[in-house]
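Here, each number is a calculation from the coordinates, and none is a lab measurement. Predicted model only: the values in this text are computed from it and were never measured. All Cβ positions, glycine included, derive from the backbone under ideal geometry; neighbour counts span all protein chains shown.
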Amino acid sequence: MSFQTYINNIEGKTAEDLQKLAEEKGFTNNGVLVAKATEITN
């Protein structure tokens, strides 16, 4: 994923939107981020 694609994907999203997305994708455990950055960006 290019940096510009990353920016385009997150523009306009709130912190709550990003938290919900992380929970849906299994990147959190009890509300705490447990995934490494490469797991998220790949």
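Here's the picture: a label point sits 7 Å out from the Cα of Asn42 along the beta-carbon direction, and within region 1-31 the residues with their amide nitrogen under 18 Å of it are 1-3, 6, 25-28.
DSSP loop chymotrypsin sites (Phe, Trp or Tyr not before Pro) in the chain with at most 12 other Cβ atoms within 10 Å of their Cβ, which ones?
Details: sites: Phe3, Tyr6, Phe27; in loops: Phe27.
For chymotrypsin sites (Phe, Trp or Tyr not before Pro) across the chain that sit outside H, G, I, E and B with at most 12 neighbouring Cβ atoms in 10 Å, the list is empty.
Shown here for the chain: trypsin sites (Lys or Arg not before Pro) in loop regions (DSSP other than H, G, I, E, B) with at most 16 other Cβ atoms within 10 Å, namely Lys13, Lys25, Lys36. Database remark: amide H of Thr28 closer than 5 angstrom to the amide H of Val34 (H placed geometrically; neighbours at sequence offset of 5 or more, or on other chains; Pro and chain starts carry no H). Against the chain, whose longest principal axis is taken from its Cα atoms, helix 15-24 shows a tilt of about 60°. Distance distribution P(r), the chain, all Cα-Cα pairs, bin width 5 angstrom from 0: 5, 21, 28, 28, 15, 3, 0 percent.
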